[in-house]
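Report on the structure given below.
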Amino acid sequence: MIKCNVTVCGTISRQAQIRANKEGKQFISFGVSVVIPAKSGINKTVEISVAKDTDNQGETVNYPVGTRIEVAGVLQFHKKGDTLYYNLSATGVNTFNAGNQDNITGTLEFRGTIGKHVDVKTDKKGNPYTLFSAYSSEKDGDSYAYTWVRFMQFGSAKEEWVQAKAGFNAKGDLQIGVFNDRIDLTCRVKELTPWDKKA
């Protein structure tokens, strides 16, 4: 499970349409493109599918393609094969004061499994911090798809249970970048607790 409370600033890239869910409730759907900066190499553009509840059939005119937009809501990632999809359930939309700089900022909630390595390092002041990668899995047809996130925990010593293959829940600040031409999801941990996968 990966769920992010975010604010996204980008450009409308797909025409707004009115749709209905299985219960018949209407929502407006459109695409937003966001340029993610690379630490080195080439920046990458991601396409976010935005859905927002509406009872106004004429609301689509508010979202012409090419408009700068700021959207707040819950962002979820879905992996199919090697492709990562971005779905944003919007709680608020602002087309008046959207900034010129593309970005995705917010917090991340994660439940998953630690990968093969947990590294404890020290910063320049001699304080320890913990680094590890972890994956969240979801069903993709007959197999599973895995979305990986890097975790950094500062300000506290590594707890004994933080080991390879351990299940855990985490909350923290979301950072999205580009590394080796791939989207890199990172969480600066604020809260880390064990998750009993068998339960």
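The values are calculated or read from the model by the stated rules, or taken from the named source; none is laboratory data. Every value quoted in this text rests on a predicted model; they were computed, and no experiment measured them. Note that each Cβ is placed from the backbone with ideal geometry, even for glycine, and that neighbours are counted across all protein chains shown. With ligands, DNA and RNA removed, areas are computed over all heavy atoms of the protein, side chains included. Shrake-Rupley method; radii C 1.70, N 1.55, O 1.52, S 1.80 Å.
Just a few scattered comments:
- Single residue of segment 133-167 satisfying the filter (open to solvent by 90 Å² or more (accessible area, probe 1.4 Å) and among the hydroxyl-bearing types (S, T, Y)) that is farthest from R182 (Cα to Cα): Y144
- For segment 118-142, the set of residues classified as among the polar types (S, T, N, Q) and either more than 22 Å from the chain's Cα centre (by Cα) or at pLDDT 90 or above (or both) consists of T122, N127, T130, S133, S136, listed by residue number.
- Look at (1) out of contact with any Cys (no Cβ under 9 Å at 6 or more places or on another chain); (2) surrounded by 11 or more Cβ atoms within 10 Å (Cβ to Cβ); (3) outside any helix (DSSP H, G or I) and you find that T60 fails only one, number (3).
- V65 out of contact with any His (no Cβ under 8 Å at 6 or more places or on another chain) and part of a strand (DSSP E or B): no
- Among the residues of segment 14-28, those identified as of a type in the set (G, A, S) and surrounded by fewer than 17 Cβ atoms within 10 Å (Cβ to Cβ) are A20, G24.
- All positions within segment 96-132 that are open to solvent by less than 50 Å² (accessible area, probe 1.4 Å) and either in contact with a Lys or Arg (Cβ under 7 Å, 6 or more places away or on another chain) or within 21 Å of D196 (Cα to Cα) (or both): A98, L108, F110, G112, T113, I114, G115, V118, Y129, T130, L131, F132
- Of all residue pairs spaced 6 or more apart or on separate chains, those with beta-carbon atoms under 7 Å, a first member in segment 32-44 that is in contact (Cβ under 8 Å) with a residue 12 or more places away in the chain and part of a loop (DSSP other than H, G, I, E, B) and a second member that is among the charged types (D, E, K, R) and open to solvent by 80 Å² or more (accessible area, probe 1.4 Å) are G41/D181; I42/D181.
- Qualifying residue in segment 72-89 (condition: open to solvent by 20 Å² or more (accessible area, probe 1.4 Å), modelled with pLDDT of 90 or more and more than 17 Å from the chain's Cα centre (by Cα)): no
- Within segment 17-35, being of a type in the set (D, E, K, R) and under 16 Å from T54 (Cβ atoms) holds for R19, E23, K25.
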